[in-house]
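Down below is the structure, laid out as structure tokens.
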Amino acid sequence: MLKITVSEGASDSRTLEIHQLKDQWFIGETKFDGDLVQLSANHYHVIWNNRSFSIEVIESDMAGKTFQFLINGKLYSTSGKNEIDMLLEGLGMNKSAANKINHVKAPMPGLIQSVIIREGDEVNKGDSLLVLVAMKMENVIKASGSGIVKSLKIVPGQTVEKNQVLLEFQ
């Protein structure tokens, strides 16, 4: 089973349950007996309940299970959860907890060339934190999750060892 939350605008959202029974798909308790044709890589045409839908996939994040669709000219955002996501959420082990980081360690020995962030800065996954020079190569160290910088344990020009804590998050 999948739980899909569909949002149209900032305040209008609803959740749908989608499941498969043998070779048939159901949206809630309603059997999907429509016609789906892929026109191109991101374009689809659906006929369902005597209605025609032109669907374009605008943005897709398979890992995060989020998508944006343009359906008959209206923009919709969706986020999905499968059975494993729902089980982990029920156990209090959801993704938001997994994306929070506590500290960043040096992936290799090297020299801190520059520090891009400061204490108190809020960072998100993928943000650049510092530049570590190792074997004559500059390595930009990026955040693996989100958090607020609590303390910096290094300064530019400092030599660090592998697995040394470089900074901590709140």
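The values are calculated or read from the model by the stated rules, or taken from the named source; none is laboratory data. Keep in mind that what you see is a predicted model, and the values were worked out from it rather than measured. Counting neighbours? That spans all protein chains shown, and the Cβs are built from the backbone with ideal geometry, glycine included.
For (1) in contact (Cβ under 8 Å) with a residue 12 or more places away in the chain; (2) over 25 Å from the mean Cα position of the chain (by Cα); (3) surrounded by fewer than 12 Cβ atoms within 10 Å (Cβ to Cβ); (4) part of a loop (DSSP other than H, G, I, E, B), each residue gets a yes or a no:
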| position | (1), (2), (3), (4) |
| --- | --- |
| Gly80 | yes, no, no, no |
| Asp85 | yes, no, no, no |
| Val104 | yes, no, no, no |
| Pro107 | yes, no, no, yes |
| Gly126 | yes, no, yes, yes |
| Leu129 | yes, no, no, no |
| Val133 | yes, yes, no, no |
| Lys162 | yes, yes, yes, yes |
| Leu167 | yes, no, no, no |
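Can you give me the number of residues within region 135-160 that are of a type in the set (A, V, I, L, M, F, W, C) and part of a strand (DSSP E or B)? Result for region 135-160: 7. Could you run through region 21-60 and say how many residues are under 22 Å from Asp85 (Cα atoms), modelled with pLDDT of 90 or more and among the polar types (S, T, N, Q)? Total satisfying the criteria: 0. Flag: Met1 matches the condition of being touching a residue at least 12 places away in the same chain (Cβ under 8 Å) and of a type outside the set (Val, Ile, Thr). Here region 29-55 is the region considered, the condition is being aliphatic (A, V, I, L, M) and under 25 Å from Thr15 (Cβ atoms), and the residue that is surrounded by the most Cβ atoms within 10 Å (Cβ to Cβ) is Ile55. Residue pairs whose Cβ atoms lie under 6 Å apart, separated by 6 or more positions or on different chains, with the first residue in region 25-51 and assigned by TED's automatic domain parsing to the domain that holds Phe69 and the second of a type in the set (D, E, K, R) and in a strand (DSSP E or B), are Gly28/Glu17; Asn42/Glu56; His43/Glu56; Ile47/Asp35.
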